[in-house]
Amino acid sequence: MVKDVLCPFCGSLCDDIRVEIEDGLIVKVRGACKLGASKIKGHDRIKAPMVRKNGDLVETTYQEAYDRAAQILLESKRPLLYGWCSTICEAHKKGILLAEEVAGVIDSTATVCHGPSIIGIEEKGLAGSTLGQVKNRADLIIFWGSNPSEAHPRHALRYSSNAKGRFTEDGRKGRKVIVVDVRETKTSKNADKFLLIKPGSDYEIISALRMMVNGKGDVVPDTVAGVAKSALEEVAEMAKSAKFGALFFGLGLTHSRGRYKNIDNALSLVRDLNVHTKFMVMPMRGHYNVTGFGQVCAWETGYPMSVDFSRGAPYFNPGETAACDVLGNKEADALMAIAADPASNFPWKVVERMAEIPVIQIDPFENPTTLLADVVIPSAVAGVEVEGTAYRMDGLSLRMKKLVDSTSPSDQEIVSNIIESVRWLGHDN
Amino acid sequence: MRYIKILPLQTFEVPIEAENICPDVFADLTLSQIGNLEVWEGNRKKIISDLFQVSGDDVLTSTKDTLVVLDGDFSRVKRIGENMTAGTIEAKGDLGMHAGNNMTGGSLQVEGSAGSWLGREMRGGLIVVKGNAGDYVGSGSRGEACGMRGGDIRIEGSTGDYLGEHMCGGSIMVNGDGGDFPGASNRGGFIVIGGDAYLPGAEMASGSIVVKGKARVLPSYQYQGLVGFQGMTLNKYLGDLADNGKGNVYAASIDVE
Amino acid sequence: MIIKGGIVYDPANDILGEEMDLCIENGKIVEDTKEGEVIDARGLLIMPGGVDGHAHIAGAKVNNGRIMRPEDSRQYVEPRTKLLRPCTGYTVPNCYAIGYRYARMGYTMAFEAATPILEARHTHEELEEIPIVDKGALTLFGDNWEVFDCVREGDMDKLAAFVSWGLRASRGYGVKVVNPGGGECWGYGGNVSALDDTVPNFDVTPREIIRGLTTANEMLKLPHSIHLHTNNLGKPGNYATTLETLEAVKDIIPSRDRQVVHITHMQFSAYGGTGWPDFKSEAPAIADYFNKHDHATMDMGQLIFGSATTMTADAPLEYNNARLLHAAQWSNHDVELEGSSGVVPLLYLRQSPVNAVQWAIGLELALLTESPWKVVMTTDHPNGGPFVNYPEVIALLMSAPKRDEEMATLHPWVSSRAILATVDREMDWGEVAVMTRAGPAKILGLENKGHLGSGADADVTIIGVKPHEIDPSKDHHKIKEAFSRVKYTIKDGQVVVRDGEVVAVPQGRTYWVDASVPLKQAERLQVDLAEKFAKYYSIQQSNYMVQDAYVTNPEVIEAEGF
C-alpha cells in the first residue's frame, strides 16, 4: 500500500490517495474520486510506436518514431507543440527547449480552458492564496461558472465549501455558498444561494455587483440581463459581510461571451471587495498540471503560454500565437500533441486544420487525436509510472510518485530523444 | 512620388512577417536593395525577393514621397508599415495582422480587409480600410497601459472585438458594427461606430464612444439625457462608474434584455 | 590558471590595491600553481566575485510578477544563440537572463530573499534553472503558526528545532522575517503597526517573534543572522520602528563573529515625517545608530528610476501600495499557516517628490555609515530597481559629481527633505569591494566567498578599468560601463564571461544549511507538526519537504546547532 499518492487528474491535485500494488500492478485505489481512480488504475494503452504508411498506422521502433518526428518538425516552418497539461514539469522543460530548437510555437491546454484567465491576470493581477487558506478561514464561497461537484469532486471537502480548518471548525454549516451559473447543477443544488443568469451576461452581472460593492448601487437598473436587482444586492451584501470570501470560477466564465473580459471584471470585483473585507479569487484549473506548464513556461520564457519562438526569442500574443489561433488560422504546418487530446477538445475549424498537416502524438492512451496522427509515440503515465513535479490550481508544487514500472519511456525521455534527433538531422535556419 | 510595387510570388500559408515593408525603410534603398531586405516566412529567414516581386521607380526620394503599393493577397503578411512615420502604403487587397503597428505618420490604405491588431499603439497618421477589420483595432499590446494614442483609423466595413482597447487618444470611425467590448479600458480617444456595439466602454476612464446603431449598455453607466450629434438624437451615458470613469457613451438605440 | 598583474582588492585579507598574481587550481584560490591558462590582467582592477545578499529572483511571487507583466518580458529581449537560451525581461527577467546578467556584471552568487517553506519546491525549481551563479534561498519564518505557538509558550528549544526543520524542509540558507505578525493578520485583511501589537488568535507580538527567532538562530549557530524586513516598512515616520527594532535585539549575543540582526532594504525603513506631505529622510539617524552600535548590519535597497516591480512577503504593504498609487495591477498570494505576499508594478519618477527622497535615502545610508562592512549594496531587486543597475549604484557611491548631476534632474525635495547634497564622501575601490563582496560574504557567513585568500572559491571578477589610472569621481561613466560588462568573470576557476560576453554556462551550487538539534526536541516538534498537518494544512506532511531531486548540485553547510 502506497500512501500519500498524488492524483494525476484534475487541478485539485489531491495528495492523500492510497494505492495498493501487487506484483507491479495497481490493484486498488482508495480515497480518490471516480475520475482520479480511473486514471490511476489505467486503461488500454498504445502498445508500440507507429508511423503512418499509405494511410495506415504501422508499428515501428522508438528510434524511427523519434527520427520521423524530428524530420516533420525540422521541415515545418511553423510547428506547434501543444498539450502538456497531463504530464509533469520535467517534460515541460524539454518541450520548451524543443520549441526553441525547432523555432516553433508552444502552448498548453489553457488555450481552451483558462487562457482568458491569464489575460485577465495580465490586466489586473490576481488576489489569491493557497487552498489551505480557504479551508482555514473562508466563511463565504462563490462558485461562478464552475461545477466542482462534477469536475473537481473532492474540492469541496478538501479545500472549500465543506472543509474544516482552524477558524472554520463548523465546516459547511459555518459557511455560506453562492453559485452563479446559467443552469442548475449538482453544485448549485447544494448552495445557500443560487443566482441563475443568462448565458453571456456574466460581464454585466459582475459590473452591477461591483457598483453595489462600491456603494453606487442606485445607478444600477431594476433588472440586469433579466436578473432582479434585489437578487444581486443580496449577493453583494453576502460578499461584503463575509470575514473571508473566496471566488472560484470555471469555464462558465472563461468560455462565455466576453471571455477574458469576464475574468478581468471578476478580478476587479474581488479587488473592490478587498476594500471592505478579505477576499480571494482562484481559477478552477482543469487538468492536474496545466498550472505547472504555465509556471515553467513563465520562468523559462517570461510568458505562461502561447509562446512563439519563430524568430529566436519568445513572442507572446494570445489571439495570434495560441494553439487555437495558429491552427484555426491555418498557420501551423505541423503539430506535436503531447499529454492532451486536441481532436476532442478543439473547435471544428481547428480540428480541420489538424487533418491537413502532419501530426505527432505522444500519449499513453489512444484517443481521437490518434486517428489524425502520422507518428504515434506511446509514453508512460506521469504520476503513475513516472515521478515528477506538478502544480496544483493554487500554484502549489508537489512531487508525484512513481507507483509501477512501464515499458514505455516517459514524456521527458521522448521529447529529449526528439531533441537529439533534431540536432543530429540538423537545422537549416 | 516614388512608386514601388510589391507583388507576392506565391500564395502564402505559413505567415510572413514583413516589418521591413515600410516607406521609412524603402526610402533610402534602391529596388535591388529592397529586394535584399530581411523578411520571415514562419521560422525561415528570407529576403523580400525570395517571396515578392519588387518593381517601380528606382529613384530615391524622401519617406514622405514614397508610395508602396501592395498588389495581391497580403492577408497572411504581418507587420506591414510597422513604425512608419510618413509616406503611403496602398494595399489593393487584404492585409494581414499588425499592419501599421506603432505608426506615427503617413497613410495606410487598404482596399480589402485588414487583420487583427490594425494600427496597434498608433500615434499618428491615417489608416483607411474599405473592407472589414479584425479584432483589437487601435489597441495596445498585452500589459501595455495605452493602445492607440493618436492618429485616425477609418473602417468602412465592420470590426471584430475589442476595438480600441486601452485607447488613450486619436480617433477610430467604423461604418459597420463595432463588435464586443469596443473602447474597453479607454483613457481618451474618440470612437464612432455606425452600426451596433456590445457593452462599449467597459472600464473606460475617459473618452467618447458614439454608437449610431444599437448598443447594449453596461449597468455601471448612468443615463444623462438626450443629445444631438450629426443630425441624430443620441442617448448619452456617463461611465464606467464601476471604475469611477468619466467617459461618455452615446447610443442611438439601446439593447434591453 | 594564473591571473597576472592585476590590482587586487581583497579587503577581507587586507589587500587593498596590491599588484599581485592570483593562482587558481581545482576551482580554488591557491598560493601557487604551475599549470593552466594565463590571463594577462596587468593594471586591471580585480575583486572577488560579487555576492548579492538580497534579491527576489526565484519562486512563486517572482513568477507571479512575470505572469502579470507580459510588457516587462517584451523588454531587453535577447534571442537564443548556440550557447545561450533566450532572455526576456527587465524587472522580472526569465531564469536564463538572471544568470547571464549577474555573470556579465561579475557576480558569482545570489540569494533569493524570501521563500515560504510550503512553496520552496517552486523556488528551487527556478534556482536550478538559473545558470552560472551559486545561489541560496532565505526561508520565511516570521508569520508561521508553529513559530507563533513556540514563541507564545516561550519554548525556545522547540522553536530552534522548528527552524532547523524548516531550513531542511525548504533547503534554505537562513531565517527570513518579514513584517512579523503582519502576514498572519493579513489573512483577515489586517496588519500590525507596532512592535507590541498582539497578533489576533495567536497572542504573540512582533517583538516576541523577532526576539524568539533571533534566539533560535543563535542557538543553532547558523552562519547568517536573522534577516529582517521591519514592521511599518514604507510608512512615513517608520525610522522610529526601525530603531526600536534594532534596540529590541541588541542584548542577544550572536553565536558567531557577526551581527545579530541584518535589516534588509533599509531605505524603505528610514523614513521620517508623519505623512507624505512632510515626508523626509531619516537616514542620518539610522546611520548614526549604526555608527554607534555593532550588533546590526543592513543592505541599501537603493531606488533606481524607471520601471520596478514591487514584490514582497509584506502583503498588506503591497495592497496599500496598489490603493495609494491606483495601480492597475495588484497580485496577492497568501500561503496557509505561513504568511503571504504581494506584487505591484511601479514606476519611479525623477519628478516625484517622494521618489526623489527615497533615492537619496539609499545613498545616504551607505555614505553616512562609517564602516562599509555594515552596509551591503542592493536594490532589493526588483523592488527598488532591477539588479542590472548595480553598476549605476556603484558609480553613485564613488562619485559626488555624478550624484550632483543626478540630483539636478530630480524633484527639489531631494535637497530639502534629504541631506545627500551635502555629503562629499566618495567610496573607494576597497569600500566598494567590501559592500559588494567581502561584506555580504561575512554577513551571510560564507567562508569561501567574497575573498581571494587561499582556499577561497576561485570566483574572480576582472574589471576593465585601471584603478591606478582612473579617477572614479570624474570618470564615473567609465566605471558604470566597466561594471556592466566586465572583462572577465571567473567561476570556480572557469572563465564564464570574457569581454562582457557569456562564454560558459556551468551550473552553480545551491547552498543550504543543515543545523543539528537534539532528538528529543525534534520529536517534540513532530507532535506539533503532525497536528498541524492533520488539521490545517491542505497537503500531507510526507509531501511537504523539498526532495533531493530539486537540489541537484547542493552545497550543504553544517551548523553546529544545539
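What follows is calculated from the coordinates using simple rules that are stated; it is not laboratory data. Because the structure is a prediction, the values reported are computed rather than measured. When we count neighbours, we look across all protein chains shown, and the Cβ atoms used for this are built from the backbone with ideal geometry, even at glycine.
Quick notes on this structure:
- Cβ-derived FRET efficiency at R0 56 Å, C:D203 paired with B:L29, nearest 0.05: 0.15
- Extension gain, C:N448 to C:E78, is 129.9 nm, computed as 0.36 nm per intervening residue step minus the present C-alpha separation.
- Phi angles across the range C:46-58 convert, under the Karplus curve 6.51 cos²θ - 1.76 cosθ + 1.60 with θ = phi - 60°, into 3J(HN,Hα) values of 10, 9, x, x, x, 10, 9, x, 6, 8, 9, 10, 7 Hz, Gly and Pro given as x.
- In the structure shown, the pairs A:K93/C:K158; A:K77/C:K82; A:K240/B:K246; C:K82/C:K442; C:K28/C:K158 are assessed against 28 Å; a Cα-Cα span above that value is assigned to A:K93/C:K158; C:K82/C:K442; C:K28/C:K158.
- Percentage relative contact order, the range C:422-482, counting C-alpha pairs under 8 Å, at least six apart: 20
- For the range C:233-340, the gyration tensor built on C-alpha atoms gives an oblate shape. Its axis ratio a/c (a ≥ b ≥ c) is at least 1.5, and a/b is not larger than b/c.
- Hydrodynamic radius of the range A:115-283 per Kirkwood, over alpha carbon pairs, in Å: 15.6
- The protein assembly as shown, helix-only ellipticity at 222 nm - DSSP H runs n ≥ 4, -39,500 (n - 2.57), divided by all residues, nearest 500: -8000 deg cm²/dmol
- Rounded, prolate or oblate (a/c below 1.5 giving rounded, otherwise prolate when a/b exceeds b/c) for the range A:162-247 by Cα gyration tensor: oblate
- Percent of Cα pairs exceeding the 25 Å cut-off, where the set is the range C:339-473: 34
- Degrees between helix A:411-425 axis and first principal axis of chain A (Cα, 0 to 90, nearest 10): 50
- Here the range C:306-320 is scanned for amide nitrogen atoms under 16 Å from the site 7 Å beyond the Cα of B:A145 along Cα-to-Cβ, giving C:306-310.
- Amide proton proximity set for C:E555, modelled H, under 5 Å, gap of 5+: C:T510, C:Y511, C:W512
- Burial order of peptide ranges C:400-412, C:186-198 (average beta-carbon count within 10 Å, highest first): C:186-198, C:400-412
- With one equal scatterer per alpha carbon and no solvent term, the Debye-computed log10 I(q)/I(0) for the range B:113-254 at 0.15 1/Å reads -0.60.
- Amide H contacts of C:D334 (H built 1.01 Å from N, under 5 Å, at least 5 apart or other chain): A:G128, A:S129, A:T130, C:S341
- Table column - 3J(HN,Hα) (Hz), the range C:186-193, Karplus curve with 6.51, -1.76, 1.60, x for Gly and Pro: 5, x, 10, x, x, 7, 10, 9
- Cα pair distances exceeding 30 angstrom across chain C, given as percent: 46
- Peptide A:203-211 is shielded by partner chain Cβ atoms: per residue, an average of 6 of them sit within 10 Å of its Cβ.
- For chain C, DSSP calls about 55 percent of its internal beta bridges antiparallel.
- Chain A: relative contact order as a whole-number percent, Cα under 8 Å and 6+ apart: 25
- Using C-alpha pairs below 8 Å separated by at least 6 residues, the relative contact order for the range B:113-254 is 15 percent.
- GNM result for chain A, Cα springs below 10 Å: residue of A:C297, A:C33, A:C113 fluctuating most strongly: A:C33
- Candidates per chymotrypsin sites (Phe, Trp or Tyr not before Pro) in the range C:485-547, loop by DSSP, up to 14 other Cβ within 10 Å: none
- Inter-chain shielding of A:317-330 (mean C-beta neighbours from other protein chains, 10 Å cut-off): 3
- Globularity ratio of chain A, using Cα Rg and 2.2 N^0.38 Å: 1.02
- Legend: calculated FRET efficiency, C:K28 to C:R524, from the Cβ-Cβ distance at R0 = 45 Å, rounded to 0.05, equals 0.60.
- Residues of type lysines that A:K243 reaches as a straight line, Cα spacing below 21 Å, ignoring anything fewer than 8 places off in the same chain: A:K135, A:K164, A:K173, A:K176, A:K193, A:K278, C:K535
- Amide N proximity, the range B:71-94 versus B:E156 label position 7 Å along Cα-to-Cβ, cut-off under 15 Å: B:90-94
- J(HN,Hα) series, the range A:42-56, from Karplus relation 6.51 cos²θ - 1.76 cosθ + 1.60, nearest Hz, glycine and proline x: x, 8, 3, 10, 5, 7, 8, x, 9, 10, 8, 10, 6, x, 10
- Cross-link reach is defined here as a Cα-Cα straight distance under 17 Å, omitting same-chain residues fewer than 8 places apart; for B:K212 the lysines meeting it are B:K236.
- The range A:105-193: trypsin sites (Lys or Arg not before Pro) in DSSP loop, at most 14 other beta carbons within 10 Å: A:R183
- Annotation: peptides A:247-257, C:459-469, C:550-560, ranked by per-residue average of other Cβ atoms within 10 Å with the highest first, follow the order A:247-257, C:459-469, C:550-560.
- Kirkwood hydrodynamic radius of chain B, Cα pairs, Å: 18.5
- Peptides C:307-315, C:108-116, A:216-224 ranked from most to least packed, by the mean per-residue count of other Cβ atoms within 10 Å: C:108-116, C:307-315, A:216-224.
- Amide proton proximity set for A:Y159, modelled H, under 5 Å, gap of 5+: none
- Of the trypsin sites (Lys or Arg not before Pro) found in the range C:283-366, those that fall in a DSSP loop while having at most 16 other beta-carbon atoms within 10 Å are C:R350.
- The range B:95-161: C-alpha gyration tensor shape, a/c 1.5 cut-off, then a/b vs b/c: oblate
- 10 Å Cβ neighbours from other chains, averaged over peptide A:49-61: 0
- Lone cysteines, chain B (no partner Cβ under 4.7 Å): B:C22
- Projected area, mean over directions - the protein assembly as shown, Cα convex hull, nm²: 47.3
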